Amino acid sequence: MSGIVAVVNRDGAPVDVRLLRRLTDALKHAGPDAQDVWVDGAVGLGHAWLGTGRDASAGSQPLTLDGQTWITADARVDAREDLVRALSAHGREPAPEAPDAALILHAYGAWGEACVGKLLGDYAFAIWDGARRRLLCARDHFGVKPLYYAETPSSVIVSTSLDCVRRHPGVSAALDDAVIVSFLRDGATDDPAATAFRHVRRVPAAHCLVVGERIAVKRYWRLPVDGEVRYRRGVDYVERFTELLEHAIADRLGTREVGVLMSGGLDSTTVAATAKRCLSREPSPFTLRAYTTVCERIIPDPESRYATLAARALGIPLHVRVADDYQPFERWDKPELRRPEPEGDPLLAIHVDQLNDAATNGRVLLTGHGADPAMRLPASYAVDRLKRGELARLASEVGAYIAYRHRFPRLRLGRHLRRWLSREAAPPVSPPAWLRATDGASRDARASMPAHPTRRHAYELLTSPDWPQLFETYDANVTGVPVHVRHPWFDRRVVEYLLAIPPMPWCFDKTIVRVAMRGVLPDAIRLRPKTVAAGDALVALLAAPGARWIDAFTPTPALEEYVRRARVPRVCGEQDATAVWTHLRPLCLDYWLRAHGDG
């Protein structure tokens, strides 16, 4: 994890070094170990570094290999050996232990702007090409690393921190009303390139930003729809999956002090078990810790029991945070919980405290996010097969599932056939009655996304703009907590493989994971069905007498531009979780407007 900033004065004026240092100092929470800047006339780069122990020289940024081309990067390059071999074939000779930023510079030297298509990993970087007088910036395939930019009449400012971009005196503080409305209506920013500020933009996932005579944002990669992997033996599918997941996790370690956000579910426990296997391959000592959040009293919650069972089976310590001990909007008036954009989680303090728990013991934290969308099959999968006349194929797939799982799949044919025959459609969702305007940002770009021939639903979920927004909630540039949070299920190699294998039996009910974890995880976890929580912790906490102030909050005048306060219903005692989360958004926005001085 690092913080980066780049300033290009397009009018040719020299970059103010003092200003650049102030912008770089604003990144210290993301990169507390070292900060430095480089300036050459109208161009300046800044870098704040957070080390993990793998690469002591990685903090020496901004970096150049030839004095002409410079880089500042928050990057982790995966499959390094493959990249080094490819670079050698193009006449470049990087050292095998070269810092990740140096490998990216070598890739740029070999392939120019096309280098972004050659990289694997999570990254946000800015490369200044002095010979071409061009700035190339890029964000990784799934948007794990954030990247923002703003254009003023004379300059372009790029950073991994939205607050850093906004600190430039030329950047307007005007809000984007469409984004604010979208947050109030849907709970998230719809447009993947928009921010809450009209003049600050995101570089979307899998896009690059080129600043030269013109400014252009270009897509450099799409998740493929044409991959197909077919083996003769079922064991080959499992072995290849295990190999790819181990590569994904090994590339994300980089240290012998590792944490895992581990519930009692299959996805995160699989990450923990695989991480331990990777760490155990070297003789030097290591520490692997698990972190989980549970409810003990307010709602029935079996996660504590399952997480404890997994931790005991893996022989790793488990740190538990109890949600019952928190109150809605706890510490929202403190700087540590202030966010660059509106935040919709009233229990944000739990999230921040858990990250701090992990940061106390190490600087790398793994999550289990991504397995659900990558292996999602539509509920109507069997009916869709029948509609296409593929009865024999469906029978073969069901037979394969029975062979591996020793049980019949829950296909629910009758229910889905009835739904298909009746052409049931979900009723449209009306905007809240308290919302003054209904025109928010839209995802028009989604209409141009290709459709996967067999895994359309999974493809749509994996390419949703919601994921980059989730990843930002873990990033130190947003949280201020110095820890690298990494998501191995969103490794490009793993995702492309899961989309290419036969969906039945391997993705149905996560069969490939359950078979791969045989003998590794306890069967109580390995065979555990997907469950829905028995209740919502926030709903339960709002039933306490101490939460009644929420229904009586007095809005800042700025909130009245978006919300009719008198129409916001009471939430304390409300049992509909969707209604609770929806009707708390005005208070969430009110806190944010006050913190940002817009009230």
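Taking 20 Å as the straight-line reach from the Cα of Lys276, the aspartates and glutamates in range (excluding those fewer than 8 positions away in the same chain) are Asp78, Glu239, Glu243, Glu246, Asp251, Glu257, Asp267, Asp357, Asp491, Asp523.
List the relative contact order of the stretch 215-369 as a percent without decimals, with contacts defined as Cα pairs under 8 Å and 6+ residues apart. Here the relative contact order equals 26 percent.
If we count every other residue with Cβ under 15 angstrom of Tyr148's Cβ, Lys/Arg +1 and Asp/Glu -1, where does the sum land? For residues surrounding Tyr148, the net value is -1. The stretch 552-593 and the stretch 21-96 have their alpha-carbon centroids 44 Å apart.
Expected output is a single nm value to one decimal: the length gained when fully extending between Thr287 and Asp33, i.e. 0.36 nm times separation in residues minus the C-alpha distance. What is it? Can you show the working numbers first?
Working: separation 254, 0.36 × 254 = 91.44 nm, distance 2.21 nm.
Gain in length upon complete extension: 89.2 nm.
Please report the net charge: other residues with Cβ closer than 9 Å to the Cβ of Ala533, K and R +1, D and E -1. Summing Lys/Arg as +1 and Asp/Glu as -1 gives -3.
Starting from the coordinates of the alpha-carbon atoms of the stretch 13-129, obtain the Kirkwood hydrodynamic radius over all distinct pairs and give the value in Å to one decimal. Show your work: numbers first, answer last.
Numbers: mean 1/r = 0.0678 Å⁻¹.
Taking the inverse mean of 1/r over all distinct Cα pairs, the stretch 13-129 comes out at 14.7 Å.
Using a cut-off of under 20 Å, list every residue of the stretch 133-149 whose amide N is near the label point 7 Å from the Cα of Asp372 along the Cα-to-beta-carbon line. Only 142-144 pass the distance filter.
Determine the dipole magnitude for the chain: charges of +1 sit on the beta-carbon of Lys and Arg, -1 on that of Asp and Glu, nothing else is charged, the reference point is the Cα centre, and the result goes in debye to the nearest 20. Present the calculation step by step, with values, prior to reporting the outcome.
Working: 79 positive and 73 negative charges, 388 e Å.
Taking the Cα centre of the chain as origin, the dipole is about 1860 debye.
Each of His141, Ala131, Val165 was scored by the projection of its Cα onto the charge dipole of the stretch 128-185, and the greatest displacement toward the positive side belongs to Ala131; charges sit on the C-beta of Lys, Arg, Asp and Glu.
Dividing the convex hull volume of the Cα atoms of the stretch 171-261 by its residue count, what figure in Å³ per residue is obtained?
Numbers: hull volume 22.3 nm³, N = 91.
Spread over its residues, the Cα hull of the stretch 171-261 gives 245 Å³ apiece.
Per the Debye calculation on the chain with a single equal scatterer at every Cα and no solvent contribution, log₁₀ I(q)/I(0) for q = 0.06, 0.07 Å⁻¹ amounts to -0.33, -0.45. In summary, the convex hull built on the alpha carbon positions of the stretch 460-599 has an orientation-averaged projected area of 12.9 nm².
With a 10 Å radius around each residue's Cβ, average the other Cβ atoms per peptide and rank 365-371, 208-214, 279-285, highest first.
On the way: 365-371: 22.7, 208-214: 16.1, 279-285: 9.3.
Output ranking for 365-371, 208-214, 279-285: 365-371, 208-214, 279-285.
Per-residue ellipticity at 222 nm computed for the chain from its helices equals -9500 deg cm²/dmol, with DSSP H segments shorter than 4 residues left out and the rest contributing -39,500 (n - 2.57). Calculate I(q)/I(0) for the stretch 213-314 by the Debye formula, one identical point scatterer on each C-alpha and no solvent, and give its log10 at q = 0.17, 0.20, 0.23 Å⁻¹ to two decimals. Log-scaled intensity ratios, in q order: -0.91, -1.04, -1.18. On the basis of the beta-carbon distance and an R0 of 22 Å, Arg133 and Val17 show a calculated FRET efficiency of 0.65. Per q in 0.21, 0.25 1/Å, what log10 I(q)/I(0) does a Debye calculation on the alpha-carbon atoms of the stretch 283-375 return? Once normalised to I(0) and log-transformed, intensities are -1.25, -1.36.
Scoring 111-121, 20-30, 83-93, 497-507 by mean Cβ neighbours within 10 Å over their residues and listing the highest first yields 497-507, 20-30, 111-121, 83-93. The DSSP beta bridges internal to the chain are antiparallel in roughly 75% of cases.
Taking 0.36 nm per residue of sequence separation and subtracting the Cα-Cα distance, how much length would be gained by fully extending the chain between Glu246 and Ala534, in nm to one decimal? It would help to have the intermediate numbers written out before the result.
Working: separation 288, 0.36 × 288 = 103.68 nm, distance 3.33 nm.
Using 0.36 nm per residue and subtracting the Cα-Cα distance, I get 100.3 nm.
Straight Cα distances below 23 angstrom link Lys334 to the lysines Lys28, with same-chain residues fewer than 8 positions distant left out. Relative contact order for the chain: 16 percent, from Cα pairs under 8 Å spaced at least 6 residues apart, divided by residue count. For the chain, the solvent-accessible area of protein heavy atoms averages 42 Å² per residue (probe radius 1.4 Å; ligands and nucleic acids excluded). So which lysines can Lys118 reach, going by Cα to Cα under 21 Å and dropping same-chain residues fewer than 8 places off? Candidates past the 8-residue exclusion: Lys145, Lys218. What does the charge add up to near Ile350, with Lys and Arg as +1, Asp and Glu as -1, over the other residues with Cβ less than 12 Å from its Cβ? Here the count lands on -4.
Suppose R0 equals 45 Å. What FRET efficiency, 1/(1 + (r/R0)^6) with r the Cβ-Cβ distance, do Ala543 and Ala174 give to the nearest 0.05? Mind showing how you got there, number by number?
Details: r = 40 Å, r/R0 = 0.88.
Computed FRET efficiency for Ala543 and Ala174 comes out at 0.70.
Express in nm, to one decimal, how much length is gained between Leu461 and Glu239 on full extension, taking 0.36 nm for each residue of separation and deducting their alpha carbon distance. List each step's numbers first, then the result.
Details: separation 222, 0.36 × 222 = 79.92 nm, distance 2.57 nm.
Between Leu461 and Glu239, full extension yields an extra 77.4 nm.
The simple spin-label model puts a point 7 Å past each Cα toward its Cβ; for Arg405 and Ala89 those points are separated by 4.0 nm. The modelled label-to-label distance for the pair Ser280/Tyr231, using points 7 Å beyond Cα in the direction of Cβ, is 2.1 nm. The modelled label-to-label distance between Asp551 and Thr308, using points 7 Å beyond Cα along the C-beta direction, is 3.6 nm.
The values are calculated or read from the model by the stated rules, or taken from the named source; none is laboratory data. Here the structure is a predicted model, which means the values were calculated and not measured. All Cβ positions, glycine included, derive from the backbone under ideal geometry; neighbour counts span all protein chains shown. Only protein heavy atoms, including side chains, enter the accessible area calculation; ligands, DNA and RNA are left aside. Shrake-Rupley method; radii C 1.70, N 1.55, O 1.52, S 1.80 Å.
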